[in-house]
Amino acid sequence: MARSESTDVLVVGAGPVGLTLAAELRRAGVACRIVDRLPAGLPYAKAVGIQPRTLELFDRMGLVREVLDAAVPMRGQLTYLNGAEQGRVELVLPPEVPYGFAALPQCDTERLLEEFLGRYGTGIERSTALVGFAQDPAGVTSRLTTTSGDEVEVRSRFLVGCDGAHSAVRKGLGLTFEGGAFPEEYMLADVEVGWDLPAGYGVRSMHRGEDGAIDDLLVCIPLPGNGRYRMSMLVPPELSAARQAEAAGTTGGGDGVAHGLEGGTAPALPDIQKVLDRLAPEPVTASALRWSSVFRISHRLVDRYGEGRVFVAGDAAHIHPPTGAQGMNTGIQDAGNLAWKLALAVEGAAGPQVLAGYDAERHPVGEEVVGRTVRHAAEGVQADPTDRETLLLREAQLLVGYRESPLVTPLAPDDPAPLRPGDRAPLRPGDRAPDCGGLTGDIAAHPVRLFDVLRGRGHVLLVYGDHPAGETPLDLASAARELTGGRMDTHRILPAGAPDRWTGIPHHHDSRGEFALQYGAGEGAAFVVRPDGCLTACLRPPTVAGLKEAVGRIFLP
């Protein structure tokens, strides 16, 4: 007979998405368990790109220093066609963006997240598979089995499937997963080369045949280590996992979803070398093969990101081409979005539409990412009609926002919504809360960035200006505390040189005017920043009534 256990949230799948979700839940004080069917993490450099938006989430968590120490910068991409250089793409973002593009093997990302999760006394329960679940209005009952034959029945308030493209949670919930598969197969290999190309640049080398089509491809992404790259290339017929699987009758992992690492014969160094001999920008020899595999790519999206008390995130919800390193990063952002909502629900503090807001916010993001990466895979990133700066901001996931979300407060019709630097779109509720520098305190002599102020916090009310008349910062801080049951911090930003007329609330001076410029603060304003770094409300002018309306979209009275 299976033994019975309980927790608040059961997370299935211990990849980067599940680990991020579990870490954010534990950081919020929520009891959770995370299980994975594998006996150990896989030592593979599958997903290697870490986007600036993901680094911002790691910053808010308190993990970014470890990630930056382990990663290497992605400075750009070199492109070659039939041996001739076609140009160089520089991955340069606006100066107010705190982080650039980075590369880190997925196994190292998982290791750092697992170590971070361990700080909260939670570890991965390995060799443990979900075999079934049933939910009711009060919770979810899940059945788990281990390789030793033990059976466990876990009762949880919520269940989240972060268990990949072949997700048992998605199947058990009965979600559709519509899409298709690309016919091409790719070899992946983690190797070292000794060429003289500039460090920090990816390499994309292609061959175009007489018919004008690309018939050969090599993509190399730099990794930590001397001359180390994660390389991908087309598979020769003799190594085709699809052919082997078709012969064995095991295509698509048994569920028709052909995505991810395939079984069969793994490529060896001579297989990699043949491609380098054809496509490398200069003569080079590959060595130090750490791992290799054959990879299939599909594009699919669930019809909804959850139902009742059960949710899916990451590859369990969306799979697509790896163009622009969008997959893992989109999944990690799923986790950051869902975690704070679950935490409030577990505490009994979430309003009725908070959990529904997960699908409302993230499903459109998944749909856009799947569509864009499929388009880029077919036509190339260069075919994107947007300008270069917008393209980079989108690839960095810095333009992901939730302006249409039921959880954010629409701007009033007469709100001026000042423009941000460069005359980009106005900063509105649902947008990413931008960083800024030059914030000075009364004690520390050195300036800090806004993200330093937000690090480690949950919901934060940022109040700008002195408010000599009307409702004061003290009124706003008191309302924020009372309306959220003490779950919202208040921090003041004062104009440069302004005296502190309201003691008792932490504050910094906007010594270089960057906050006022980035946020369009004007004479006085207040901004509600969510734990995932998005704006719930932009209050111009700041009033208790406006704050109450914004908070009421998230917190129970």
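The values are calculated or read from the model by the stated rules, or taken from the named source; none is laboratory data. All values reported here derive from a predicted model rather than from experimental measurement. With ideal geometry, Cβ positions are generated from the backbone for all residues, glycine too; neighbour counts draw on all protein chains shown. Ligands, DNA and RNA are excluded from the accessible area calculation, which covers all protein heavy atoms including side chains. Shrake-Rupley method; radii C 1.70, N 1.55, O 1.52, S 1.80 Å.
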Region 433-557, relative contact order [Cα under 8 Å, separation at least 6], %: 29
For region 478-557, radius of gyration divided by Kirkwood radius, i.e. Rg to Rh on alpha-carbons: 0.96
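Length gain on complete extension for the stretch Phe182 to Arg208, per 0.36 nm per residue less the alpha carbon to alpha carbon distance?
On the way: separation 26, 0.36 × 26 = 9.36 nm, distance 1.93 nm.
Contour length minus the Cα-Cα distance gives 7.4 nm.
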Theoretical FRET efficiency, 1/(1+(r/R0)^6), r = Cβ-Cβ of Asp216 and Lys548, R0 41 Å, to 0.05: 0.10
Simple spin-label estimate for Ser4 and Ala199 in nanometres, 7 Å along Cα-Cβ: 5.9
Rounded percent of accessible protein surface that carbon and sulfur make up, the chain, 1.4 Å probe: 52
Helix runs (DSSP H) in the chain reaching 27 Å along axis by Cα, Kyte-Doolittle at least 0.0: 327-347
In region 134-233, the GluC sites (Glu not before Pro) that fall in loop regions by DSSP, at most 13 other Cβ within 10 Å: Glu210
Modelled FRET efficiency - R0 30 Å, Thr147 with Glu347, Cβ distances, 0.05 increments: 0.25
Interchain or long-range residues, amide H under 5 Å from Leu81's placed H: Gln86, Met206
Pairwise FRET efficiency - Leu42 versus Glu115, Cβ, R0 = 22 Å, nearest 0.05: 0.85
Residues whose placed amide H lies under 5 Å from that of Gly179, excluding near-sequence neighbours: none
Cross-link reach list, lysines versus Lys46, counting only Cα pairs under 27 Å and skipping chain neighbours closer than eight places: Lys171, Lys274
The chain shape via C-alpha gyration tensor axes, a/c threshold 1.5: oblate
From phi via Karplus (6.51, -1.76, 1.60), per-residue ³J(HN,Hα) for region 75-85 in Hz, x at Gly/Pro: 8, x, 9, 9, 10, 10, 9, 6, x, 9, 5
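If I stretch the segment between Leu81 and Ala134 completely, what's the gain in nm (0.36 nm per residue apart, minus their alpha carbon distance), one decimal?
Values: separation 53, 0.36 × 53 = 19.08 nm, distance 5.38 nm.
That works out to 13.7 nm of additional length.
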Helical contribution to [θ] at 222 nm, DSSP H n ≥ 4, -39,500 (n - 2.57), averaged over the chain, rounded to 500: -8000 deg cm²/dmol
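How many Å² of accessible area per residue for region 126-213, probe 1.4 Å? Numbers along the way, then the final one.
On the way: 3910 Å² over 88 residues.
That works out to 44 Å² for each residue.
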Built amide H within the under 5 Å cut-off of Glu185, gap 5+: Val235
Global form of region 26-73, assessed from the alpha-carbon gyration tensor, a/c cut-off 1.5: oblate
Computed over region 1-115: relative contact order in percent, which uses C-alpha pairs under 8 Å that are six or more apart: 30
